[in-house]
Amino acid sequence: MLVVRTCSEMQVWRASLGHATRVAFVPTMGYLHEGHLSLLREARRRGDRLVLSIFVNPTQFGPNEDLARYPRDEAGDLAKASECGVDVAFCPTDPRELYPHGTNTWVEVQELDRHLCGASRPGHFRGVCTVVAKLWGLVRPDVALFGEKDFQQLAILRRMHADLFLGGEVVGMPIVREPDGLAMSSRNANLSSEARAQALAISRWLASVRQRFAAGERDAAALLGDPAAALAPGRIDYASLVDADDLQPVTEVVRPALCAVAAFFGGVRLIDNTVLRP
Ligand code: AMP
C-alpha cells in the first residue's frame, strides 16, 4: 500500500494508470470503523485499484464544532486499510495541501441543504462538497462510495456529481451498526460509557417510528411521536420526516420518506436515520 501525502503525488499516480484501469474511491475523515470498512470492501470489489483518503477537512466544521476533538489514529487506520486491500492511502498531512490558495473556491449545492444538518450546521455541506470536488479531481475515480448514515450528504454529493459532470459513479452503502443498534461513527469514540448507553435511545426511537409505519400510520406527527421524550436525556438538534428525494419536510408519508435525527449525548453530536417506503 502506497501512502501519499501530497496532491501532486496523487495526480502522478493517477496519471500513471491506463484507461482500462477502474479506480474505486472511498473518502473519509479517518478513525476507521466497520462502517468505513464496509465501503472499502465493496470498493475493492468494484475497482482494479482502491484509493482511500483520510483527511479531517477543516472547512466542514463550524467555529464552535469539534474539529480539535475529532478522533485520529493514522497508524491504526493504515493497518485496517492495508487489510482491506487499499492500494493508495491519500493522507495529506497539512490542510494547505488541499487548500493551496486558502478558501476562495467553494462548491455549494442549494435547496437540498435547507433542512436537517444543513440548517443546524451552516456552511457544513459547502465544506463537504468543496473537499469532495477537489478529491474527485485528484483521484478521478470511476466509482466513489459513500454511506447512507450521512443521508443528506449522500443526496447533496449525488446532485453535485451530476451537476458538475464529474464522471464515474456515486454509490451509496447501507448504515453499519453496532450489535446493540448504535450507528457506527468515529465520534462514538468521544462518548463516555454513560452517554454511550443513553445514545441507544436513537436507534430505539427510529425502530419505534418504523413500527408505527409498519402498522399503517402515515401521518408525520404521529409517526414521530414525542422524540424529545424518547431521546431524553439526549438533547435533540432535529428529529424530522422529509421527502427522501428532495429532503423537504412532509406531513404525510405517501412517497419514500427519510426519518432523520441529530442529537447530543454527553456533548457529542450523533446522527442516524431510516427510510420509510410506502
Ligand atoms: P466520515 O469519516 O465520517 O466522513 O465517513 C466517511 C464515509 O463513511 C462517509 O461516506 C460516511 O457516510 C461513511 N460512514 C460513516 N459511518 C458509517 C456507517 N456507520 N455505516 C456506513 N457508512 C458509514
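Read-outs throughout are calculated quantities, based only on the coordinates presented, and are distinct from any laboratory measurement. Model, not experiment: these values are computed from the prediction. Heads up, the Cβs are rebuilt from the backbone with ideal geometry, glycines too, and the neighbour counts pull from every protein chain shown.
For a distance above 22 Å, tell me the whole-number percent of Cα pairs in the chain that qualify. When all Cα pairs of the chain are counted, 58 percent exceed 22 Å. Kindly express, to the nearest 10 degrees and within the range 0 to 90, the angle between helix 74-83's C-alpha long axis and the longest C-alpha principal axis of the chain. So the helix axis and the longest Cα principal axis differ by about 80 degrees.
Please compute the length gained on full extension between residue 72 and residue 21, using 0.36 nm multiplied by the number of residues separating them and subtracting their Cα-Cα distance. Mind dumping the intermediate values first?
Details: separation 51, 0.36 × 51 = 18.36 nm, distance 3.16 nm.
Residue separation times 0.36 nm, minus the Cα-Cα distance, leaves 15.2 nm.
Remark on residue 272: its backbone amide H falls under 5 Å from those of 261, a criterion applied only to residues 5 or more positions apart or on other chains, H modelled at 1.01 Å from N. Against the empirical 2.2 N^0.38 Å (N residues), the stretch 1-147 has a Cα radius of gyration ratio of 1.04.
Tell me, what is a quarter of the convex hull surface for the C-alpha atoms of the stretch 85-154, in nm² with one decimal?
6.0
Work out how much length residue 42 to residue 119 would gain on full extension: take 0.36 nm times their residue separation and subtract the Cα-Cα distance, in nm to one decimal.
Length gained, residue 42 through residue 119: 24.6 nm.
Computed from point charges on the beta carbon alone (+1 for Lys and Arg, -1 for Asp and Glu), the dipole magnitude for the stretch 178-242 about its Cα centre is near 60 Debye. Segment residue 180..residue 94, full-extension length gain: 27.3 nm, with 0.36 nm per residue of separation and the alpha-carbon distance subtracted.
Quick one: work out the % antiparallel among DSSP beta bridges in the chain, nearest 5.
Bridges in the chain are about 50 percent antiparallel.
The long axis of helix 34-46 is offset from the longest Cα principal axis of the chain by roughly 50 degrees. Taking label points 7 Å from Cα along the Cα-to-Cβ direction, residue 243 and residue 210 give a separation of 2.5 nm. Rounded to the nearest 500, the 222 nm mean residue ellipticity of the chain from helices alone is -10000 deg cm²/dmol, with -39,500 (n - 2.57) taken per DSSP H run of at least 4 residues. Look at the Cα gyration tensor of the stretch 126-219: its axes a ≥ b ≥ c give a/c of at least 1.5 with a/b at or below b/c, and that counts as oblate.
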